[in-house]
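Throughout, read-outs are computed from the coordinates displayed, never taken from laboratory work. Please read all numbers here as calculations on a predicted model, not as lab measurements. Glycine gets a Cβ as well: all are built from the backbone with ideal geometry, and neighbour counts include every protein chain shown.
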Amino acid sequence: MPLDPHLFQLYLVAVGVLVLAPGPDFLLVLTRSVADGRRAGVVATLGISLGNVIHALLAAIGVSALIAASPALFDLLRYAGGGYLAWIGGRSLWSALTSRSDAAAADRPAVANPDSVRLSVVFTQALLTNMLNPKIILFQLAFVPQFVAPELGHVAGQIFLLGNVITLVGCAYLSGVAALSAGAARRVLASQRMKTALDGLAGVLFLGFAVRLLLTERKFA
């Protein structure tokens, strides 16, 4: 499928900047990798990547435009996404509070057991975190079309390909995050006290992302 070479180069630069900006996807992969090991981080990355592919497909066939154009559908997705992020944040805070109240756990090593979490749960959580984020719909509708060359034809195909560039770049970046955070970072955080602090910080950040998502305005033109 043809793409404009100049526009594509600009798009790659912009995508690189966007991928490096921390968000719910990055935080989910980071916390899963530290708490449950590299495999969990990679599985979370795959779930997020699948979500990005689905978003690109929905944008290409026009479904995302229908959602963004409908106040009811957009608000439903916004509330569902915000509620889900708040639920993840609440669970992290609860884990931090219960760990802190356990005095016996204070000095116990917190090395994660890769088998302690079901990978299917990690995958589903990552997929839902991505799919329920209306900001990605707005990105696909407001940002991606700026790099489409209508004169080359196959506009839907161009939107799908450009939308999946961020899938590939994001997958590579998040896989690196999973590897690094499950290695050197986990050695630093190999204590229950540090794990409790990480859970608390992650909980606050997820709640912050939830609030920001709930405040998202339906503007994409």
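For R39, R32, what ranking results if the residue with the fewest other Cβ atoms within 10 Å of its Cβ goes first?
Lowest count first: R39, R32.
Would you order H154, H6, H55 from fewest to most other beta-carbon atoms within 10 Å of each residue's own beta-carbon?
Ascending Cβ contact count within 10 Å gives the list H6, H154, H55.
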